[in-house]
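Just below is one structure, and these are the notes that go with it.
The values are calculated or read from the model by the stated rules, or taken from the named source; none is laboratory data. These numbers come from a predicted model, not from an experiment. As a convention, Cβ positions derive from the backbone with ideal geometry for all residues, glycine included, and neighbour counts pool all protein chains shown. Only protein heavy atoms, including side chains, enter the accessible area calculation; ligands, DNA and RNA are left aside. Shrake-Rupley method; radii C 1.70, N 1.55, O 1.52, S 1.80 Å.
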Amino acid sequence: MLIGVSDEEESLIQDVFLTKLGSKHPWVRIKPSVDALYGVGGFPTVVVVDAFGKIVQEGMPSEAVLERLLQDVSLVPKMPDEPRFAPLRAAWEKTDYLKVRDLLTRLAAEPKLDEATKTLVASQQEELQKRTDRVMARIEELGASTDFAMADEKLERIVATWKGLPPADAAKKALAAIAANPTAKKELGAAKS
């Protein structure tokens, strides 16, 4: 995700960056206390954040960088605008993957399921598996990170988002390994104080 950062009034951000310049990426107004977090040295500042919330670049990225980062982005899968799909859509939007899995399993088990719905369910199950594979790879990366505070925070978020599913278990194991690391204990203790 590409984020523009400014300390201008929100109406000015809307008028200049979104309306007049036609910016397609999100813009946020920040407090000066947030400057250090995103490395803001002037306004406006552009920060590139990957699908996992990691800052990957400051400044305008190249097309190649954007293409690579967009491979990890997945939106709520398309589905018919029918009431029976509303709970599934809501689960995707809330990133409640356990509920997504359960709803897809129930849909797939419906008797006399038409071909269009079978195809939809299969594509959604495939999307859930892709997300699972990506987050498992991210857990491995976080488990090997030496930025223990960042890894701890992101792994905790994965545990909450993927509760009841294999990624939550893998994230818990990675968290236990971090907690057992003496260097990590010192860093995390310092961060908490």
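Roughly to the nearest percent, how much of the accessible area of the range 135-193 is carbon and sulfur, given a 1.4 Å probe? Don't jump to the answer; show the numbers that get you there.
Numbers: 1950 of 3370 Å².
Looking at the range 135-193 in its full context, I get 58 percent from C and S.
Rg/Rh for the range 121-193 stands at 1.07; both radii use Cα atoms, and Rh follows the Kirkwood definition. If I model the range 92-142 as equal point scatterers sitting on the Cα atoms and use the Debye formula, what is log10 I(q)/I(0) at q = 0.13 Å⁻¹? Calculated log10 I(q)/I(0) at the listed q: -0.37.
Only one residue of 128, 116, 151 has its Cα farthest out toward the positive end of the dipole of the range 44-167, where Lys and Arg carry +1 and Asp and Glu -1 on Cβ, and that residue is 116.
In the full protein context, the range 45-193 carries 61 Å² of accessible surface per residue, based on a 1.4 Å probe and ignoring ligands, DNA and RNA.
Taking 0.36 nm per residue of separation and subtracting the Cα-Cα distance, full extension of the segment from residue 9 to residue 105 would add 29.8 nm. Look at where the Cα atoms of the range 147-190 and of the range 110-137 average out, and the two centres are 28 Å apart.
Amide H to amide H, with H built 1.01 Å from N, residue 49 comes under 5 Å of 2, 3, 56, counting only residues 5 or more places away or on other chains. Applying Stokes-Einstein at 20 °C and 1.002 mPa s to the Kirkwood radius of the range 49-193, computed over alpha-carbon pairs, gives a translational diffusion coefficient of 124 µm² s⁻¹.
With the simple spin-label model, which puts each label point 7 Å out from Cα in the Cβ direction, the residue 153 to residue 183 separation comes to 2.0 nm.
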